[in-house]
Amino acid sequence: MTASILFFVLASVAIAAALGMLISRNPVNSALWLILNLFCVAGLYLTVNAEFIAVIQVLVYAGAIMVLFLFVIMLLNLSVLPDLKRIEWRRIIAFIMGMGLLAMLMFIVANTLDMVPDPVTLQVAAETGSATSLAKVLFTQYAMPLEVIGILLLAATIGAVVIAKKKPV
Amino acid sequence: MEITLNWYLTLSALLFSMGVIGFLFRRNAIVMLMCVELMLNSVNLSLVALSQSMGDTAGQILVFFVMSVAAAEAAVGLALVIAIFRDKLTIDVTQINLFKY
Amino acid sequence: MDLSQAYSMMMTDLGATLFLLIVAVSGLVLVVFDAFKPRHVATPWIAGLALSAGFVIEMMSIGAPEGLAWYDMMRTGGSAAFVNSLVLGSGALSIILTVPYLKKIGHNIGEVYAMILFATVGMLVLGAANNLVTVFVGLETMSICLYILTGFVRSESGSTESALKYFLLGAFSTGFFLYGIALIYGATGSMEFGAIRIAAEQSAGVMFWGGVSLLLVGFLFKVSAAPFHMWTPDVYQGAPTTITGFMSTASKAAAFAALVVVLWKALPAERWADVLAVFAVITMVIGNVIALSQQNIKRMLAYSSIAHAGYVLVGLASGSQAGYSGALFYLMVYTIMNIGAFGVLALLEWDGKEGSEQTLESLAGVGYRKPFLGWTMAVFMFSLSGFPPLAGFLGKWAVFAPAIDADLVWLAIIGVLTSAVSAYYYLRVLVVFFMKPEGENSPMAEHSFDIPRSSAAVLIACVVLLVVFGVTTFALDVTSGFFAADTVTQFLG
């Protein structure tokens with residue numbers, strides 16, 4: 001019962017925060033709403049016993065990525081974008097496309113009841129989500145993608161520095 | 001009421017669609033980037049829920065990689081936004097489309 | 001598993017993927033080297049030698065039997081080695097063309113070469129992937145490096161803007177790709193290609209097919225197939241020309257190779273022919289028709305590359321072993337043609353607005369002033385439009401013939417008709433180059449268009465390869481041996 005209440009509270013706050021991000025006119029508010037959403041999702045990870053991912057979520061997403069966003073927004077001193085006078089067709093199209101996608105995804109989810117293999121017990125799930133079991137596969141089975149991700153992060157760092165530099169070299 | 005896997009998948013689909021709508025809806029490049037982060041984040045929720053219910057680690061390893069990719073994308077995207085802003089003094093995507101059909 | 005045992009296994013795997021190690025380590029070395037000796041003359045040499053060394057290694061292992069490495073994350077030998085050597089060769093040729101180009105436009109940045117190497121690492125991982133995790137990691141490494149390469153050279157503001165457009169749309173498509181992976185994972189419980197096929201053959205429900213369609217959207221975006229092609233013209237026009245040559249060939253080859261392997265190894269094939277055929281038709285028609293009205297040559301080549309993605313999709317739509325291997329052969333031919341065409345355009349570029357825009361009028365009569373560039377361009381244009389005896393013809397045959405065998409005659413007819421249309425805009429370039437007189441005060445009059453020896457050698461090599469692959473069929477014979485494993489016959493029979 002407690003688990004159900006926890007899920008519903010976290011899920012509704014996550015949805016509300018995502019909605020807040022979409023409709024905030026000020027980018028700083030959007031970023032803060034997104035941080036709230038990321039925290040709620042981290043809480044949801046805990047409800048399925050994925051402790052390691054939950055911690056990483058807070059550290060990497062809410063801690064590092066969103067701070068970078070806020071830093072750039074404040075660095076550029078962005079104000080609210082002015083209103084457009086004409087009717088924006090792209091907004092209407094966006095809404096229709098988004099709703100179509102949502103309907104498709106809901107249809108998929110509604111049809112998955114029989115698809116998903118039998119859920120494992122709580123102990124097995126807690127075992128799977130622990131840092132130890134993840135590290136074991138990450139550094140053996142997935143060692144190659146891990147190395148490539150290292151290269152990706154290095155390339156992104158260098159690229160970001162060169163692109164954001166004031167003068168072309 | 002029992003919270004099953006489908007609740008997590010439904011929430012994930014909802015958040016993903018909100019990210020998609022936001023991406024198409026907003027004109028501010030930084031907010032569009034945030035919407036992409038929301039989309040990736042909602043997929044992560046699906047992956048973690050599926051992986052935990054199957055007792056298989058592969059899904060969570062992918063989440064780990066997705067987070068790294070999201071960080072890299074944020075760094076590169078924000079650098080591009082800074083470069084554009086320096087040039088045009090705006091990050092409204094409807095204002096900075098130089099090339100047309 | 002014991003850790004020491006795991007590490008000894010990894011040492012053998014390092015040997016099997018030595019080319020990847022060479023390229024990645026050289027990229028890291030370049031970053032450090034460039035920090036201490038900026039703009040050193042050796043920087044492009046290191047990059048070029050690394051790619052060439054990898055190319056030689058992979059060329060030699062094309063004949064090797066297909067195998068798996070890194071806990072079944074990567075495929076080695078056979079078709080994987082073929083795609084790898086395609087990517088590495090394209091990278092090496094692009095670096096040779098890039099050196100004089102960057103000097104000419106005054107942006108000789110050492111990081112460009114490191115970034116090309118990192119992008120190549122991503123493409124190699126993507127092209128040889130055997131697991132959706134590896135596909136995702138390779139795809140993102142490639143894409144992020146390409147976003148950076150597009151926005152790197154800021155001589156004009158168009159570069160950064162096209163990079164932002166590429167980035168936003170690319171990141172958006174990544175979301176769909178990833179959701180597709182998540183749904184497939186949920187439906188089959190695995191991300192390894194073989195395991196996905198086994199699980200899907202037992203029970204493939206809505207979740208699986210929804211996942212596959214989202215995955216397909218991500219792939220079609222990366223190979224710039226219509227209707228997901230919107231970024232292509234802007235990015236190809238905005239990026240530095242030789243880099244455009246690199247990304248239009250190598251990234252397309254790697255993404256198509258991954259798509260072929262997914263279709264061949266991970267999916268039960270029967271349902272996909274019609275869907276891919278529809279996308280192939282849309283792509284061929286949109287690419288060729290819009291290319292007709294383009295005045296800017298780089299934009300025209302961008303739409304032509306969309307059309308060529310459509311031809312490759314025709315091969316995939318046939319769903320047979322001949323179709324898949326024909327697609328790989330076509331990608332090789334396309335790589336050679338496009339590297340050459342963009343190489344010529346890079347040599348014909350000059351500083352200033354007209355110089356970087358390269359409209360057809362501004363280049364009128366250039367074939368007489370620079371006969372070498374004019375004639376090599378003629379070869380590339382004839383090959384792109386598919387005239388025999390050049391390799392473009394054999395390539396089209398390699399993708400259209402399997403479609404006819406697979407009862408997709410209408411698709412092959414549309415393909416032939418649209419490539420007949422394409423002859424108009426390819427030959428118009430030659431008409432402008434050779435038959436129009438140079439304007440009175442043509443802006444290019446004061447430019448001499450020096451041809452560095454290295455670039456000339458690359459262009460000649462491309463021409464020779466096109467002729468050789470067009471009149472002999474040994475390359476076609478090599479590729480037609482791919483994808484012949486028993487897994488294919490299993491569902492065909």
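For the reader, a short list of remarks on this structure follows.
- Residue satisfying condition, being at the interface with another protein chain (Cβ under 10 Å from one of its Cβ atoms) and either within 18 Å of A:Leu152 (Cα to Cα) or assigned to a helix (DSSP H, G or I) (or both), within set C:Gly15, C:Gly27: C:Gly27
- Of all residues making up the range C:222-276, the number that are within 14 Å of another protein chain (Cβ to nearest Cβ) and charged (D, E, K, R): 1
- The range C:359-388, subset of a type outside the set (A, V, I, L, M, F, W, C) and assigned to a loop (DSSP other than H, G, I, E, B), residue modelled with the highest pLDDT: C:Gly386
- Scanning the range C:85-99 turns up one or more residues that are at pLDDT 90 or above, more than 19 Å from C:Pro240 (Cβ to Cβ), in the same structural domain as C:Ser251 (by TED's automatic domain parsing) and among the hydroxyl-bearing types (Ser, Thr, Tyr).
- Evaluation of C:Ala119 against (1) outside any helix (DSSP H, G or I); (2) at the interface with chain A (Cβ under 9 Å from one of its Cβ atoms) (one fails), failing number: (1)
- Among residues of the range C:417-443, those that are under 28 Å from C:Leu465 (Cβ atoms) and surrounded by 15 or more Cβ atoms within 10 Å (Cβ to Cβ), counted: 14
- With respect to the conditions (1) at pLDDT below 90; (2) within 20 Å of C:Leu149 (Cβ to Cβ); (3) touching a Pro at 6+ places or on another chain (Cβ under 9 Å), C:Arg39 lacks only one, and its number is (3).
- Of the criteria (1) surrounded by fewer than 24 Cβ atoms within 10 Å (Cβ to Cβ); (2) out of contact with any strand residue (DSSP E or B) (no Cβ under 6 Å at 6 or more places or on another chain); (3) modelled with pLDDT under 90, which one B:Arg27 fails: (2)
- Figure legend. Inter-residue proximity from the range A:96-111: first residues polar (S, T, N, Q), second residues in a helix (DSSP H, G or I), beta-carbon distance below 8 Å, spacing 6+ or different chains. Indicated pairs: A:Asn111/C:Val206; A:Asn111/C:Met207.
One line per residue, one yes/no per condition, for (1) farther than 17 Å from C:Thr283 by Cα; (2) at pLDDT below 95; (3) in contact with a helix residue (DSSP H, G or I) (Cβ under 7 Å, 6 or more places away or on another chain); (4) not assigned by TED's automatic domain parsing to the domain that holds C:Gly323:
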residue	(1), (2), (3), (4)
C:Ile404	yes, yes, yes, no
C:Asp407	yes, yes, no, no
C:Leu411	no, yes, yes, no
C:Tyr426	yes, yes, yes, no
C:Phe434	yes, yes, yes, no
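- Condition met for A:Ala3 (at the interface with another protein chain (Cβ under 7 Å from one of its Cβ atoms), surrounded by fewer than 17 Cβ atoms within 10 Å (Cβ to Cβ) and closer than 30 Å to A:Gln123 by Cβ): yes
- Qualifying residue in the range B:5-14 (condition: crowded, with 24+ Cβ neighbours inside 10 Å, more than 7 Å from every other protein chain (Cβ to nearest Cβ) and small (Gly, Ala, Ser)): yes
- Of all residues in the range C:294-338, those that are over 14 Å from C:His229 (Cβ atoms), out of contact with any strand residue (DSSP E or B) (no Cβ under 9 Å at 6 or more places or on another chain) and not in a helix (DSSP H, G or I) total 3.
- Any chance A:Leu122 is at pLDDT 95 or above and more than 7 Å from chain C (Cβ to nearest Cβ): no
Rundown of residues vs (1) closer than 26 Å to A:Ala126 by Cα; (2) at the interface with another protein chain (Cβ under 7 Å from one of its Cβ atoms); (3) surrounded by fewer than 24 Cβ atoms within 10 Å (Cβ to Cβ), yes/no style:
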site: B:Met34; (1), (2), (3): no, yes, no
site: B:Asn41; (1), (2), (3): yes, yes, no
site: B:Asp56; (1), (2), (3): yes, yes, yes
site: B:Met67; (1), (2), (3): yes, yes, yes
site: B:Val81; (1), (2), (3): no, yes, no
site: B:Thr94; (1), (2), (3): no, no, yes
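- Single match in C:Ser325, C:Ser293 (criterion: out of contact with any Asp or Glu (no Cβ under 8 Å at 6 or more places or on another chain) and more than 19 Å from C:Tyr425 (Cα to Cα)): C:Ser325
- The range C:139-155, subset buried (at least 24 other Cβ atoms within 10 Å of the Cβ) and at the interface with another protein chain (Cβ under 7 Å from one of its Cβ atoms), residue modelled with the lowest pLDDT: C:Phe152
- Scan of the range A:146-166 for residues that are within 7 Å of another protein chain (Cβ to nearest Cβ), within 16 Å of C:Asn131 (Cα to Cα) and over 21 Å from the mean Cα position of the chain (by Cα), ordered by number: A:Val148
The values are calculated or read from the model by the stated rules, or taken from the named source; none is laboratory data. Just so it is clear, the model here is predicted, and its values are computed rather than measured. Note: ideal-geometry Cβ built from the backbone for every residue, glycine included; neighbour counts use all protein chains shown.
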